[in-house]
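Novice: Mind looking over this structure? Questions follow.
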Amino acid sequence: MKKLIHTYGDPVLREKARPVEKVDEAIRALIRDMLETMRAERGVGLAAEQVGEAVAVCIIEVPLEMDRDEQGLLFNPGVTMPMAFINPRLVSASRETETADEGCLSFPDIYAPIQRPVEVTVDYLDLQGQPQTRTFRKFIARAIQHEMDHLAGVLLVDRMSAMKKITLSGQIKRLKRQTREQLAGQAAP
Ligand code: NI
């Protein structure tokens, strides 16, 4: 079932996700809903908080054409999409960083250059509850880092440069106000 995307200004986005204790049918159902929601919104990643659930689950679905170098070779051969990460934890990150534009479904129409490590190793549980450790590079590594930030309550607005934040301050304030108005509307009898 497609869910509502929670936007900036909604307090759930600032929560720290609680770990999943058991990978059961309820978690898999949440992940299916998240996938449906992300696809409907044309996103490449989604964290559970963005559908209002502060649990440590995130998904990515990066088109493989975004994972190719100039020669057309995959940066992450063998990776299949979509991927679900339950209780993901950063094991290590490269010292080398890269800056690229990022967006977020919780910040519609807002994009900002964000600097991140080029390569990360992550451990997590898969859909069967099996522990996995994998290394990701380039855009896929960026997408995972963005989603893991969500699980810690860290948002695009916290990662952008001070200068960019000033440039976007009008748009960001407007979004926050709209979100707050919506929430107030929902709470009214
Ligand atoms: Ni996001």
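Novice: What is region 1-102 by shape, rounded, prolate or oblate, if you read a ≥ b ≥ c off the alpha carbon gyration tensor as root eigenvalues and call it rounded for a/c under 1.5, prolate for a/b larger than b/c, and oblate otherwise? Could the numbers behind the result be given before it?
Specialist: Values: a/c = 1.63, a/b = 1.56, b/c = 1.05.
Since a/c reaches 1.5 and a/b is larger than b/c, the shape of region 1-102 is classed as prolate.
Novice: Another question about this same structure. Taking the Cβ of Gly43 as the centre, find all other residues whose Cβ is under 14 Å away and add up their charges (Lys, Arg: +1; Asp, Glu: -1). List each step's numbers first, then the result.
Specialist: Working: positive: Lys2, Lys3, Arg39, Arg42, Arg142; negative: Asp33, Glu36, Glu41, Glu49, Glu61, Glu102, Asp109, Glu147.
So the environment of Gly43 carries a net charge of -3.
Novice: Once every DSSP H run of n ≥ 4 in the chain is given -39500 (n - 2.57) and the sum is divided by its residues, what mean residue ellipticity at 222 nm do you get, rounded to the nearest 500 deg cm²/dmol?
Specialist: Numbers: 5 runs with 59 residues, N = 189.
One gets -9500 deg cm²/dmol as the mean residue ellipticity at 222 nm.
Novice: Also, I was wondering about something else. Answer rounded, prolate or oblate for region 34-82, using the Cα gyration tensor with square roots of eigenvalues a ≥ b ≥ c: rounded when a/c is under 1.5, else prolate when a/b is larger than b/c, else oblate. Display every interim value, and only then the final one.
Specialist: Numbers: a/c = 3.51, a/b = 2.35, b/c = 1.49.
The shape class here is prolate.
Novice: Pull up the cross-link candidates among the lysines for Lys173, meaning alpha carbon to alpha carbon under 30 Å and not fewer than 8 places away within one chain.
Specialist: By straight Cα distance, Lys173 reaches Lys2, Lys3, Lys16, Lys164, Lys165.
Novice: Here is a further query. When we measure straight from the Cα of Lys138, which lysines land under 22 angstrom away, once same-chain ones fewer than 8 places off are left out?
Specialist: List returned: none.
Novice: Provide the per-residue ³J(HN,Hα) series for region 67-75, in order, calculated from phi with Karplus coefficients 6.51, -1.76, 1.60 and θ = phi - 60°, each as a whole number of Hz, with x at glycine and proline positions.
Specialist: 10, 10, 7, 4, 7, x, 7, 6, 6
Novice: Cα to Cα, under 13 Å, and not fewer than 8 places away if on the same chain: which aspartates and glutamates meet these conditions relative to Lys176?
Specialist: Here the aspartates and glutamates satisfying the reach criterion relative to Lys176 are Asp10.
No lab work stands behind these numbers, since they all come straight from the coordinates. Keep in mind that what you see is a predicted model, and the values were worked out from it rather than measured. Here the Cβ is made from the backbone with ideal geometry for all residues, glycine too, and neighbour counts use every protein chain on show.
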